[in-house]
Amino acid sequence: MADTQRKQRASGGADDEETRTRVLVGDDDPGVRDVLERLLSDEGFAVDQASTGQEALDALTRPEPERPRVALLDIKMPEMDGLEILQRMLEQGVDVPVILITGMNAGSITIKAMQMGAADYLQKPLDLDEVLIAVKKAIYYDELKRGAGSQLVPTTKTDPAERIIGSSPEMLRIFKTIGRVARTPATVLVTGETGTGKELMAEAIHNASDRRTGPLIKVNCAALPETLLESELFGHEKGSFTGALTQHKGRFEAAHKGTIFLDEVGEMTFGTQKKLLRVLQEREFERVGGNIPVKVDVRVIAATNRNLREEVVANRFREDLYYRLNVIAIHMPPLRERMEDIPALVSHFLNKHRYTPASSPTRITEEAMNKLMLHDWPGNVRELENIIQRAVVLCRGTIITPEHIQFQNELNRFILDVEQKVRANATLDDMLHDVKREAILTALRINDQDFAKAAAQLGLSDDQMREYLMELKLLGEMDALPSHEFAGKASGARDSGTA
């Protein structure tokens, strides 16, 4: 039947030949060429054959109407190999997707082929289904590049200097606050989840402060132990401790007439908090090992992903320092609460993370954008930027489609092959056991091992959660706790959790 269909297509005349998508098959083995021609003809393609590299290059450089839309080329061919054909195409500006075929198993050749722009790379012996998928995918992406196929999302133009992107009501309120506070010396406390852009907010405030002629100095308070943090912030005198061979000026002095950004300020110990309080109150401090006050004119911007009000109640943060920092409060909303900003953020990141510095910004399909809009973004804007940067690499700077959008939860996704389980005589209880176990482990992971929050997310009571943990042997050291103790611990965890 397939041969009859192929003959009918072959005898369809010039008009039929012109309307069919043309594919070039290049291989020095006539048997391979014939197999591929039959396969592709049965799928409705018009097929040209080339037995040498030069014949393949001649076909690929024909005028546009007669030029193939995609090429299947063996790496090893007489006169010119597949990689050399790719190089000649690059030099002549020929943009035809090329799928390379090889019987060799060499990683270096694969890397070289993909670097030179091959659409795909297939190993012999060929899986014919894989060949068809590769050809159709190459044509699909070529249509996207030509403006056909799925609609591309239009990119929005943003000022290259604009680093905080957003037009949602929440972001507009923040921009207004920046405008009001920027020209004052008021201390600012920026709160929000990890990845929401608190450091960018500090940069925006500093850049808008025209009275600030000094620099913006950034300090990550969580990255340094107390002894080093104190010396970094306030400096030290020569001989104040072992290794202090010279006087060292700290970050506050470096930020004179400018701004100091204290990231993760909630990680400071009480001793350092006390010294910071003095700076905010009196605008002076003493270097470690010194007794001479040092005066500074510095705006302080602090940031934290903790709830400092709750930290004060728990006696982990000084109340007086909290009120000194919280003069102007700016809360950075999580991305899931400003989803309307995602298209503009995507355009910004596509422009920022070009495939090469000379490349045009990568484009994105409507389907891929819809996939982004359905995600809950636990990692916020930072996660979005990482995903877009990865997608640009995976699509090699051409068109981002849904398959290029890879979320971390998809990379770690649990897949239950029901058919395989049934064929292996697994019982329904066995399969339900696997699903329950994975669901509980996932809920615990995304809630930072908080049993109470995980139970609530799964619609379970504390006692039910404990029973499942025991049943699935996930309880660990909690095994010895009776039910009421577990419930008490869980509710305590719920009460002390941050917003």
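Things to note:
- In the set (1) closer than 26 Å to Ala186 by Cβ; (2) over 37 Å from the mean Cα position of the chain (by Cα); (3) charged (D, E, K, R), the condition left unmet by Lys238 is number (1).
- Qualifying residues in the stretch 167-202 (those that are assigned to a loop (DSSP other than H, G, I, E, B) and among the aliphatic types (A, V, I, L, M)) - the one surrounded by the most Cβ atoms within 10 Å (Cβ to Cβ): Ala182
- When the residues of the stretch 86-141 are filtered to those that are of a type in the set (Asp, Glu) and under 20 Å from Glu43 (Cα atoms), the one that is surrounded by the most Cβ atoms within 10 Å (Cβ to Cβ) is Asp120.
- Residue identified as under 31 Å from the mean Cα position of the chain (by Cα) and of a type in the set (D, E, K, R) among Arg299, Arg306, Arg324, Arg316: Arg306
- Extreme residue, nearest to Ala204 (Cα to Cα), among residues of the stretch 234-257 that are surrounded by fewer than 20 Cβ atoms within 10 Å (Cβ to Cβ) and small (Gly, Ala, Ser): Ala254
- Residue pairs meeting the criteria (Cβ under 6 Å; at least 6 apart or on separate chains; first over 13 Å from Val288 (Cα atoms) and modelled with pLDDT of 85 or more, in the stretch 236-257; second loosely packed, with under 15 Cβ neighbours inside 10 Å and among the polar types (S, T, N, Q)): Lys257/Thr213
- The residue that is modelled with the highest pLDDT, among those in the stretch 393-451 that are acidic (Asp, Glu) and under 19 Å from the mean Cα position of the chain (by Cα), is Glu403.
- Residues of the stretch 46-94 satisfying the condition of being farther than 24 Å from Gln123 by Cβ, touching a residue at least 24 places away in the same chain (Cβ under 8 Å) and assigned to a loop (DSSP other than H, G, I, E, B): Thr61, Arg67, Val94
- Look at the stretch 32-44: where a residue is outside any helix (DSSP H, G or I) and a partner is surrounded by fewer than 19 Cβ atoms within 10 Å (Cβ to Cβ), sitting 6+ places away or on another chain with Cβ atoms under 9 Å, you get Glu43/Leu132; Glu43/Lys136; Gly44/Arg9; Gly44/Arg20; Gly44/Thr21.
- Helices (runs of 4 or more DSSP H) wholly inside the stretch 294-376 that include at least 1 residues being in the same structural domain as Pro402 (by TED's automatic domain parsing) and touching a residue at least 40 places away in the same chain (Cβ under 8 Å): 342-352, 366-373
- Any hit, the stretch 275-284, residues being aliphatic (A, V, I, L, M), out of contact with any Leu (no Cβ under 9 Å at 6 or more places or on another chain) and crowded, with 18+ Cβ neighbours inside 10 Å: no
- Residue within the stretch 2-20 that is in a loop (DSSP other than H, G, I, E, B), touching a helix residue (DSSP H, G or I) at 6+ places or on another chain (Cβ under 7 Å) and either modelled with pLDDT of 90 or more or in the same structural domain as Arg88 (by TED's automatic domain parsing) (or both) present: no
- When restricted to residues that are part of a loop (DSSP other than H, G, I, E, B) and of a type in the set (A, V, I, L, M, F, W, C), the stretch 240-274 contains 5.
The values are calculated or read from the model by the stated rules, or taken from the named source; none is laboratory data. For clarity, every value in this text was computed on a predicted model and none was experimentally measured. Glycine also receives a Cβ, built like all others from the backbone with ideal geometry; neighbour counts cover every protein chain displayed.
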